[in-house]
1. Within the set of pairs 6 or more residues apart or between chains, which connect a residue that is more than 12 Å from chain A (Cβ to nearest Cβ) and within 15 Å of A:Met191 (Cβ to Cβ) inside segment B:122-148 to a residue that is crowded, with 19+ Cβ neighbours inside 10 Å and of a type outside the set (Phe, Trp, Tyr) with Cβ atoms less than 6 Å apart?
2. Could you list, in sequence order, the residues of segment B:26-41 that are in contact (Cβ under 8 Å) with a residue 40 or more places away in the chain and surrounded by fewer than 22 Cβ atoms within 10 Å (Cβ to Cβ)?
3. Return the total of residues in segment A:22-54 being over 22 Å from the mean Cα position of the chain (by Cα) and among the hydroxyl-bearing types (Ser, Thr, Tyr).
4. Examine segment A:99-114 for a residue that is in a strand (DSSP E or B), polar (S, T, N, Q) and within 14 Å of chain B (Cβ to nearest Cβ), and state whether such a residue exists.
5. Considering every residue within segment A:236-248, establish whether at least one is under 19 Å from the mean Cα position of the chain (by Cα), at pLDDT 95 or above and buried (at least 16 other Cβ atoms within 10 Å of the Cβ).
6. Go through segment A:152-185 and give me each residue that's of a type in the set (Ser, Thr, Tyr) and assigned to a strand (DSSP E or B).
7. Which residue pairs have Cβ atoms under 7 Å apart, sit 6 or more places apart or on different chains, and have a first residue in segment A:100-113 that is closer than 14 Å to A:Pro37 by Cβ and a second that is part of a loop (DSSP other than H, G, I, E, B) and of a type in the set (Asp, Glu)?
8. Those residues that are of a type in the set (Gly, Ala, Ser), buried (at least 21 other Cβ atoms within 10 Å of the Cβ) and in a loop (DSSP other than H, G, I, E, B), I need them from segment A:196-235; list them, please.
Amino acid sequence: MNNIDFVKPENLEELQSILGRLQEGTTIIAGGTNVIPHVRAKHFSPGLYVDILDLKELAFIREDEETISIGAATTLSELESSQLIREKSPLLQAAIGQVGSPLTRNRATIGGNLADASPSADTAPPLLALEAKIQILNARGESRDVPVESFFLDYRSTVLKSDEFIASICFTKEKSGVAFDYQKIGLRKAMSISIVSYAAAMEIDQGTCKNIRIGLGSVAPTPIRAFRTEKLLQGKKVDRELLEEGCKLINEEISPISDIRGSDKYRRVVTASVFKRSMERSLGLGGE
Amino acid sequence: MNGKIGVHFTLNNESQEVLVSPNVLLINLLREELGLTGTKYGCGTGECGGCSVLIDGKPALACLTLVVSLSGKEVKSIEGYAKPDGTLDSVQNAFIENRAFQCGFCTPGMVVMSKDLLDQNPNPTELEIREHLKGNICRCTGYHGIVKAVKSCGQSQQP
């Protein structure tokens, strides 16, 4: 039986001081919806639980003129029911509503979903499409911003050092009239690990696609942007031929694996299909 | 330090003072230490909803909650839904009247989530009911009786 300890910092300063000790097995825990299953499956062995679920300084949803920023310890149900998010970031809200279940969303946090760094982290594709930045603080109170597409390094590996934590996530508000779409393909309507997840935002001007951003989950070791597919579509009038090219190109950008939820071939077919249908819907092209 | 930690919280309106290791989960405390077996262990990973309880009035999963995180909080398990004299909650009665269970294993979780829905939305549609209960799995009923039971609670609310 391991030595496990537990501490609940009351403010950011205390949290920073705890992290500064660089104690072995320090495990930040908020809702515990990922941490507890990992611990029970013996994926790692915590030495010290640091409970931040009630750390008010890290739970907020704010806007200023240009941006929205969300505290890392904001629960997914707070985001789901936020009028600000509903009005100013419908893409994020569409995605949040499909994460887990009403039960887990009451406890799971946006920071926790990102820090867990699953390739199928459901908050990642919309944040990728929104070109969000992750604000990271360390034990000494120093801050750095990392674009979400640079945050994930490899399978379940992020840029976070052992004395760092996610403080907030922020992104520029979309202009009105931006088209967006979110699709999550899973084996069940709730609590399912995505087989493919897709988030896209773009401006459409008379059939021409501008400023398109596509975030994908579960089709690579980390959540990714489909940069090359975006570049293909950028500034072009979208027709069926271009979409077929896009389907091929998006398949070159992804590197899915076969697992119990689906084969790599299946994921390739689904990714292309989701992309094509989503674009058709956004552009009013009609299905075939 | 590998010591136990004293945790003071409220459970079903009664004060609780427990001494637990930091890795003890609420589901084990309820079922094994306190003998409250209404909260069910279905999966242990948060996927089935069988261990639904309320923490500070909001639904949560006992299998994913460390007891040490409950200091100063109010927990309500299924045993807290009937009145002290044994009178069942209206949702519980609706489940009985609408044959909303067979083996009964999912029922405590279903009652907790159904009541949570009705508290926020007194007259939910079938779609809203199914959406809210998405995290609770039933292997027996096909959900029909459960949805009917919750719907009947809505209809009985007179303006």
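1. If the second residue must be crowded, with 19+ Cβ neighbours inside 10 Å and of a type outside the set (Phe, Trp, Tyr), the pairs left are B:Cys138/B:Cys106.
2. Hits for segment B:26-41 are B:Leu36, B:Gly38.
3. Here the count works out to 3.
4. yes
5. The answer is no; no qualifying residue exists.
6. Going residue by residue through segment A:152-185, those that are of a type in the set (Ser, Thr, Tyr) are A:155, A:157-158, A:162, A:168, A:172, A:176, A:182.
Of everything in segment A:152-185, those that are of a type in the set (Ser, Thr, Tyr) and assigned to a strand (DSSP E or B) turn out to be A:Ser157, A:Thr158, A:Ser168, A:Thr172, A:Tyr182.
7. A:Asn113/A:Asp122
8. Here is the first cut: in segment A:196-235, the residues of a type in the set (Gly, Ala, Ser) are A:197, A:199-201, A:207, A:215, A:217-218, A:220, A:226, A:235.
Checking which are buried (at least 21 other Cβ atoms within 10 Å of the Cβ) leaves us with A:197, A:199-201, A:215, A:217-218, A:226.
Those that are of a type in the set (Gly, Ala, Ser), buried (at least 21 other Cβ atoms within 10 Å of the Cβ) and in a loop (DSSP other than H, G, I, E, B): A:Ser218, A:Ala226.
The values are calculated or read from the model by the stated rules, or taken from the named source; none is laboratory data. Please read these numbers as outputs of a predicted model, since none were measured by experiment. Every residue, glycine as well, gets a Cβ built from its backbone with ideal geometry; the counts of neighbours run over all protein chains shown.
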